[in-house]
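For reference, the structure is listed below as structure tokens.
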Amino acid sequence: MKRTWAMVAAAAALTLLPVHASADADAKEEAAEDTDPKALFQGATDALAGDRPALAIAKLEALGDRGVVDPVVSYDRGLAYAGRVRAGAEQPGDLGRAAHGFEEARELSHDSALVTDATTALAAVRAEVAKRRSRAGDAIELDSGVSLGRSIVKLLPENVWAILAAFCSLALTVGIVLRARAHVHRLKVAGTTTSAVAGGLLFTLALVVQSARDIRLHVREAVVIAPATRLLDDKHVALLSVAALPEGARVQLLEESSDFAHVIAGHASGWLPSGAVLPMAK
């Protein structure tokens, strides 16, 4: 009889052993994630690969709370929110947060492959938003775009514009010296032409560099994460003359308080509830 009970106890111990081992492994993993952002990111990556978007979202948002700014993290966060929508467990704002992650990845990354992937994923998210708005009878314009000037500034990194301006400054100096000291008429003409061209380019590039610096230091952008949000006037009354902003729309953030955010959307400006917009990391 004693031997029978001993065998039962041993069998129970063997049955519980994998559970305790798994619990210990989970505890060690959580402890590692509490101290190591790389472990937390790896956990998020594993959750994405295992088709567990909710867990991936929790881990990726935890990275954001720790101040981690990385285009790959932003891109994976967009994938996680899009994955939750695809899995049928969508929560309000998931499409907007997915668009935010992809927009942020495009802004932060210098990897052309990642920028292309983020752009493609962003287009898919906005296509889904447009389809839903079309079904509801709303306007489907999602991206008001940016001005021509800002588009030009964003063609190259700020440092590249500065280097080009430095080359133009050097060319201008050479042209001025050549024009002042050359005794041959052709060299004087060459110096004059070089000075004129380099001077004009230097002036233009100086404006571009200043604009790029101003955008980097002062312009903040955000993404609307609430469906069909209307702009509000200074008294926080809805502006009925302006179409509701779609989820995932990109806006310029002028001012932010605990309750409201002052934004520019296309050619319109107004206020939105703070919870309706999510600023992009720089």
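Close amide H partners of A261, meaning residues 5 or more places away or on another chain with modelled amide H under 5 Å apart, are L272, S274.
Counting beta carbons within 10 Å around each of R77, R86 and listing the fewest first gives the order R86, R77.
One Cα centroid belongs to the stretch 32-77, the other to the stretch 85-117; the line between them spans 14 Å. Annotation: the residues D138, D233, sorted from fewest to most other C-beta atoms within 10 Å of their own C-beta, follow the order D233, D138. Under a model in which nothing but the beta-carbon of Lys, Arg (+1) and Asp, Glu (-1) is charged, the stretch 151-217 shows a dipole of about 260 debye around its Cα centre. Charging the Cβ of each Asp and Glu at -1 and of each Lys and Arg at +1, and nothing else, the dipole of the stretch 107-243 about its Cα centre rounds to 560 debye.
None of the figures in this text is laboratory data; all of them are computed from the coordinates on show. All of these numbers come straight from a predicted model, not from anything done at the bench. Please note: Cβ atoms are built from the backbone with ideal geometry, for glycine as well, and neighbour counts cover all protein chains shown.
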